[in-house]
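The values are calculated or read from the model by the stated rules, or taken from the named source; none is laboratory data. Because the structure is predicted, anything quoted here is derived from the model rather than measured. Please note: Cβ atoms are built from the backbone with ideal geometry, for glycine as well, and neighbour counts cover all protein chains shown. For the accessible areas, the whole protein counts, side chains as well, though only heavy atoms, and no ligand, DNA or RNA atoms are used. Shrake-Rupley method; radii C 1.70, N 1.55, O 1.52, S 1.80 Å.
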There are 2 protein chains.
Amino acid sequence: MSVPSVRHSEVDVLIIGAGPAGLMCANALANAKVNVRIVDQRASKIAAGNGDGISPRTIELLQSYGLAERLLKECCQIHLAAFYNPSSTGGIELTNRTLNVTAPSARYPFEATLNQAAIQDIFLDSMTSLGVEVERSTMPTSIELSKDEDELADPTSYPVRVALQRLDESEGEQPEEIVHAKFVLGGDGAHSWTRKQFDITMDGEQSDSIWGVMDLVPDTDFPDIRNKCLAQSNHGSVFVIPREKDLVRLYVQLEEKDVIDPVTGRVDKDRMGPDHIFKTAQKSLEPYKLTGEFLWWTIYSVGQRVASKFSINNRVFIAGDACHTHTPKAGQGMNASINDSHNLAWKIAQVVRGWADMSLLSTYESERHKFASELIAFDKTWSTLVCGKPLTGQNSDGVSPEQLLKTFQTDFTSGIGVHYHPSVVVNDAYQELAGGLVLGKRVPPYKFMRAADARPFELQDLLPSDSLFKLLVFTGEFSDPLQQARVESMVADMQKPHSFLNRYATPGDSRFDVITISKDRKDKFDLLQLPTLLRSHWSKVFVDDTDPTGSFGGEGYSYFGVGSEGALVAVRPDGYVGAIAPLDRVEVLDAYFASFMKIPA
Amino acid sequence: MSVPSVRHSEVDVLIIGAGPAGLMCANALANAKVNVRIVDQRASKIAAGNGDGISPRTIELLQSYGLAERLLKECCQIHLAAFYNPSSTGGIELTNRTLNVTAPSARYPFEATLNQAAIQDIFLDSMTSLGVEVERSTMPTSIELSKDEDELADPTSYPVRVALQRLDESEGEQPEEIVHAKFVLGGDGAHSWTRKQFDITMDGEQSDSIWGVMDLVPDTDFPDIRNKCLAQSNHGSVFVIPREKDLVRLYVQLEEKDVIDPVTGRVDKDRMGPDHIFKTAQKSLEPYKLTGEFLWWTIYSVGQRVASKFSINNRVFIAGDACHTHTPKAGQGMNASINDSHNLAWKIAQVVRGWADMSLLSTYESERHKFASELIAFDKTWSTLVCGKPLTGQNSDGVSPEQLLKTFQTDFTSGIGVHYHPSVVVNDAYQELAGGLVLGKRVPPYKFMRAADARPFELQDLLPSDSLFKLLVFTGEFSDPLQQARVESMVADMQKPHSFLNRYATPGDSRFDVITISKDRKDKFDLLQLPTLLRSHWSKVFVDDTDPTGSFGGEGYSYFGVGSEGALVAVRPDGYVGAIAPLDRVEVLDAYFASFMKIPA
């Protein structure tokens, strides 16, 4: 009897788990032409349920990968949020109806909801077009990281060894494979196998509230059934989340005694069926009538925890639910996962390409752990308010509508408030030159007019997630001879051999995309006068003018707080502001890029 | 030796010619689930050249079929038009730079340019998804129309007999087939075979100017190379039409002596190569420099003619270049073709479905012949100006920049000015109730807010080209009890058995889509109070309010000239206003639909 030799293979990045975090990362890396594989132990795609809310910032991010269009076509848009409280005559009544998204700079001023399977299909179809498929029925059985310091420090080495087991042997392949990877990402959920292999602890505690969730097509006279609602009744709280087509999701607060197995102390789904959840919801929404058939349901009680580490030696990473678990009440789960991977993918791509130092990868944990901690803190505050008894005559220390509304109206839930601290990729100087382009925050949307053809462009669309750093050159009024001289002097500085543009140049494959924005009105601006470095192509030059019909635009300098002296703004490949410099201090950018970029070999 | 029997087949609609007119019609009919075939004698798709301009109205129309998105992704947008005239120092200089699209109601305030092959691919891919493919290498050899009056009058008969010859026998099929069709469309170009079979004459004359056309990627210091330009120099006129990517198309006025064969009197392409055309363009654009390599070129001299008939017995139709030939200088060719078919397709679909009387088809010729005559008239005026010598010191009766600009700034070229005369499908009463919804013109864009979820919607997107008549019910202020009573009374009228909604009802397959628009602000409007006939689904009800962020909308009644008394507006399946009635005169609509609709069998 011959023992078959185990197959060995190499890959730049191996991703474990094909949920939102894993799929987002796989797609982003495939986009960046990084050699990536993704495995999942499930035999098939999910069909229903799970997360469903996509925040305004996540829509922006998907747009930067060309994925938002389909989401917007399929999703439900939630523009308003309504709050109901106990009325004096019993039942509930409307107390507030407000914008669901209160961040004024949101490009998409709504939340998008769509079942998670459909959202994952957007990633899966994009990946297919890029030649990457999820390897299903494939389970990791062991993972080892080299302890050799030299190997770990060498970005071209393959220090992670993962054994994969095929659960489905129908194709006659060898059931086992040893994968040698440069990097591994565990996007394998709240019970992450990857996390457990490296004994990464989860800090935090179990939530003490238990909720039922159900998707249904309702028949109701509840006036806000197509808006996001929080009804805090005397019988418990209910969230109403409208969804694609005629679907609505309900989150229903349950009483512990009805769902906890007294012996194990854990949630026992058998103790409560969807009928009981539905009856609870019906009672909470009185005097409004609600009927309908449910399509999916579950019960949950989750912990509010953050992983102590997001990475082992910048070689093995975890993302998404593997890093942080929290209640779904703020609609953040899928968003946090997608944004974790968005933050990580470009950094891995830069390192794999040999463009950036391994140290860049440390900023994944520093940036996303900070975010996760804030998320858990927000979730605790919000959950406490939501699960609390509402303020009534009988319950004078209950939660007031004002308290609830104030907590709701943050730009945290929109994802737009995310703010990364200073690091090697986030400078902290010269913020005053562009107050509206906050160092460590995403570039807000604004429309500029292309100089050559007067076509309006959304600035965010000039910042695709394509692995390149964008250099926004705000020239000031180029038609002013004094300012023109300053711009020409800056260009001379950039053309020096030690300038970052030359230092990190790879022939035919620049790491930078230079976008010029003049403060001039179109009719005063002469494109052909602009130094050629600032117009590598006619399509790269913009003016701060209104669109041709005069409907919008023309106030971009003012909106971004850039003065007539102009500014240089380096934007990271993920769309976050990395550095700002005056035109006459190109060396600020030289130092910024030198802190993590590698000179071509 | 056995003689193979010729294959016979039946089809609802046979289309001859897979250019823009034929493809548009085939796609629209496939969309409407009409049994359609389309044949073309060419063995393969076109690769380059031909028309390239898509007008704002055509973009709206493509959007109504879900085809605009891809066009907008691939095309060049032309926002500005520049005019150059001889300068006092020799060469040309800028005299005017203006909006390229001057129609204020244009939803897309620009012209889209893209090579015709790419535009045709949009139709072809859509058709493929609907299960229709062009049958290539297939030529009609004979066409006969029955003379039997009863057969011609019976919409279920197949009175057109077309013999098709397969030019490519590689697949072992019988080379000949006899197709029996209910309807035939000849979209077979300026030299239409279909038109000639029925001896339809072309009225008009040959143009006396000759132009060269070339597509190239230019290298130039001409400042308006990415805008539409007309340069009228002392050496002739040149049009600059920017195109997708870095392409530019040039139309170059040529001298007759250089291109006409003196013996035949016809254009001889061999007498002039692209180098000569390019040199002429270079000379006309001086002092600006223009170099580049051409990718495609041709020479043309076309007639300005209109077919005397667009149909034979409403059974055989012609569309596009088969109906009208004119110069490409106003960028109308492809647009006229696409709009011909857009006008025809829904009428054929209604008749094939048994919803409308054959007489509806007569409005194709009446509506499109009127348009074609206007197009030729405009083309003559425009061509004369464009081909004329420019006004200079030496040439005091030349064309002045003002003359040119005035003629250019019409809403005719945008396609938005198209205005169909009163007919069975265009009423002429009660225009005063909705001055902004002009009977016989397309519904202009405006954004309303959906009542149930405050999501903003573009009205045009509620009027897809889906074969249904749309009934826009402007209720006025429904929250006003008096107005509510009027609305309820109107609903009672509509529910009567003889009302059009009941008279033309087919169980489970309505011919109408009822869209309700209240003048109320969202917070005053109660959806559940609205009679159910006006809210067949929650998604069908809108309010005239601003979007949730207050950025746009809220003035729709005023924009459309609808007063607080409301109005009923019937919109044809092609997006043109068909009839208007006061709320208390539902019988006006009963009469309108009775003039062409058929009661279900």
Item to check | Failed item, numbered, when A:Gln174 is tested on (1) open to solvent by less than 60 Å² (accessible area, probe 1.4 Å); (2) more than 22 Å from A:Asp52 (Cβ to Cβ); (3) outside the structural domain of A:Tyr288 (by TED's automatic domain parsing); (4) not in a helix (DSSP H, G or I) | outcome: (1)
Next on the checklist: Where the second residue is of a type outside the set (Asp, Glu) and open to solvent by less than 20 Å² (accessible area, probe 1.4 Å) and the first is without any contact (Cβ under 8 Å) to a residue 24 or more places away in the chain and farther than 21 Å from A:Gln206 by Cβ and lies in segment A:379-401, which pairs have Cβ atoms under 6 Å and are six or more apart or on separate chains?
Outcome noted: A:Gly398/A:Pro390
Checklist entry - How many residues, within segment A:537-579, are over 15 Å from A:Tyr420 (Cβ atoms) and among the aliphatic types (A, V, I, L, M)? => result 6
Checklist entry - Cβ-Cβ below 8 Å, separation at least six or inter-chain, first residue in segment A:527-550 and more than 21 Å from A:Leu501 (Cβ to Cβ), second open to solvent by less than 20 Å² (accessible area, probe 1.4 Å) and among the acidic types (Asp, Glu): which pairs? => result A:Val543/A:Asp520; A:Asp544/A:Asp520; A:Asp545/A:Asp520
Item to check | Test set (1) on the phi < 0 side of the Ramachandran plot; (2) away from every other protein chain (no Cβ under 14 Å) - B:Gly440 fails condition number | outcome: (1)
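So, restricting to strands (runs of 3 or more DSSP E) that lie completely within segment A:442-552, which ones have at least 2 residues that are under 31 Å from the mean Cα position of the chain (by Cα) and either surrounded by 18 or more Cβ atoms within 10 Å (Cβ to Cβ) or among the polar types (S, T, N, Q) (or both)?
On the way: elements: A:447-450, A:456-458, A:469-476, A:512-518, A:541-543.
The qualifying strands (runs of 3 or more DSSP E) are A:447-450, A:469-476, A:512-518, A:541-543.
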Checklist entry - In this structure, does A:Gly556 turn out to be more than 14 Å from every other protein chain (Cβ to nearest Cβ) and open to solvent by less than 10 Å² (accessible area, probe 1.4 Å)? => result yes
Next on the checklist: Can you report the number of residues in segment B:380-429 which are closer than 16 Å to B:Tyr576 by Cβ and of a type outside the set (A, V, I, L, M)?
Outcome noted: 11
Checklist outcome for this item: In segment B:573-589, residues that are open to solvent by 10 Å² or more (accessible area, probe 1.4 Å) and either among the charged types (D, E, K, R) or closer than 15 Å to B:Gly563 by Cβ (or both) total 4
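List the strands (runs of 3 or more DSSP E) that sit entirely inside segment A:264-330 and contain at least 2 residues that are among the aromatic types (Phe, Trp, Tyr).
Passing ranges, in order: A:290-300.
Do we have A:Ala181 as away from chain B (no Cβ under 14 Å) and under 30 Å from A:Val386 (Cα atoms) here? Talk me through it step by step, then tell me what you get.
Values: away from chain B (no Cβ under 14 Å): yes; under 30 Å from A:Val386 (Cα atoms): no.
No: the conditions fail for A:Ala181.
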Next on the checklist: Looking at (1) assigned to a strand (DSSP E or B); (2) in contact with a helix residue (DSSP H, G or I) (Cβ under 8 Å, 6 or more places away or on another chain), which one does B:Asn27 not meet, given that it meets all the others?
Outcome noted: (1)
Checklist entry - Looking at A:Gly561, is it open to solvent by less than 20 Å² (accessible area, probe 1.4 Å) and not assigned by TED's automatic domain parsing to the domain that holds A:Glu60? => result no
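So which residues in segment B:60-72 are assigned to a helix (DSSP H, G or I) and either under 15 Å from the mean Cα position of the chain (by Cα) or buried (at least 24 other Cβ atoms within 10 Å of the Cβ) (or both), if there are any at all?
Residues of segment B:60-72 assigned to a helix (DSSP H, G or I): B:60-64, B:68-72.
B:Glu60, B:Leu61, B:Leu62, B:Gln63, B:Ser64, B:Ala68, B:Leu71, listed by residue number.
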Next on the checklist: If I filter segment A:308-325 for residues that are within 19 Å of A:Ser209 (Cβ to Cβ) and modelled with pLDDT under 90, do I get at least one hit?
Outcome noted: yes
Checklist entry - So which residues in segment B:49-90 are away from chain A (no Cβ under 14 Å), small (Gly, Ala, Ser) and in contact with a helix residue (DSSP H, G or I) (Cβ under 6 Å, 6 or more places away or on another chain)? => result B:Gly51, B:Ser55
Checklist entry - Can you pull out the residues in segment B:344-356 that are open to solvent by 10 Å² or more (accessible area, probe 1.4 Å) and part of a helix (DSSP H, G or I)? => result B:Trp346, B:Val352
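Residues to consider are B:Asp340, B:Asp357; find the one that is in contact with a His (Cβ under 9 Å, 6 or more places away or on another chain), touching a residue at least 40 places away in the same chain (Cβ under 8 Å) and among the acidic types (Asp, Glu). If you could, list the steps in order and put the result at the bottom.
On the way: B:Asp357 fails: in contact with a His (Cβ under 9 Å, 6 or more places away or on another chain).
On inspection, the qualifying residue turns out to be B:Asp340.
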Checklist entry - Given the conditions (1) among the polar types (S, T, N, Q); (2) closer than 26 Å to A:Trp346 by Cβ; (3) in contact (Cβ under 8 Å) with a residue 60 or more places away in the chain, and given that A:Asn502 satisfies all but one, which numbered condition is not satisfied? => result (3)
Checklist entry - Any chance segment B:36-59 includes a residue that's within 18 Å of the chain's Cα centre (by Cα), surrounded by fewer than 21 Cβ atoms within 10 Å (Cβ to Cβ) and either in contact (Cβ under 8 Å) with a residue 60 or more places away in the chain or closer than 28 Å to A:Thr546 by Cβ (or both)? => result yes
Checklist entry - Mind checking whether some residue in segment A:461-474 is away from every other protein chain (no Cβ under 14 Å) and either β-branched (Val, Ile, Thr) or free of Cβ contacts under 8 Å to residues at least 12 places away in the same chain (or both)? => result yes
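For (1) loosely packed, with under 14 Cβ neighbours inside 10 Å; (2) more than 32 Å from the chain's Cα centre (by Cα); (3) farther than 15 Å from A:Trp296 by Cα; (4) hydroxyl-bearing (Ser, Thr, Tyr), each residue gets a yes or a no:
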site: A:Asp221; (1), (2), (3), (4): yes, yes, yes, no
site: A:Arg243; (1), (2), (3), (4): no, no, no, no
site: A:Asp246; (1), (2), (3), (4): no, no, no, no
site: A:Tyr251; (1), (2), (3), (4): no, no, no, yes
site: A:Leu254; (1), (2), (3), (4): no, no, yes, no
site: A:Lys257; (1), (2), (3), (4): yes, yes, yes, no
site: A:Pro262; (1), (2), (3), (4): yes, yes, yes, no
site: A:Ile277; (1), (2), (3), (4): no, no, no, no
Next on the checklist: If the requirement is being over 17 Å from the mean Cα position of the chain (by Cα), among the hydroxyl-bearing types (Ser, Thr, Tyr), open to solvent by less than 60 Å² (accessible area, probe 1.4 Å) and under 24 Å from A:Asn35 (Cα atoms), which of these qualifies: A:Ser341, A:Ser308, A:Ser359, A:Ser284?
Outcome noted: A:Ser359
Checklist entry - Given the conditions (1) open to solvent by 40 Å² or more (accessible area, probe 1.4 Å); (2) over 30 Å from B:Leu71 (Cα atoms), which single one is not true for B:Ser233? => result (1)
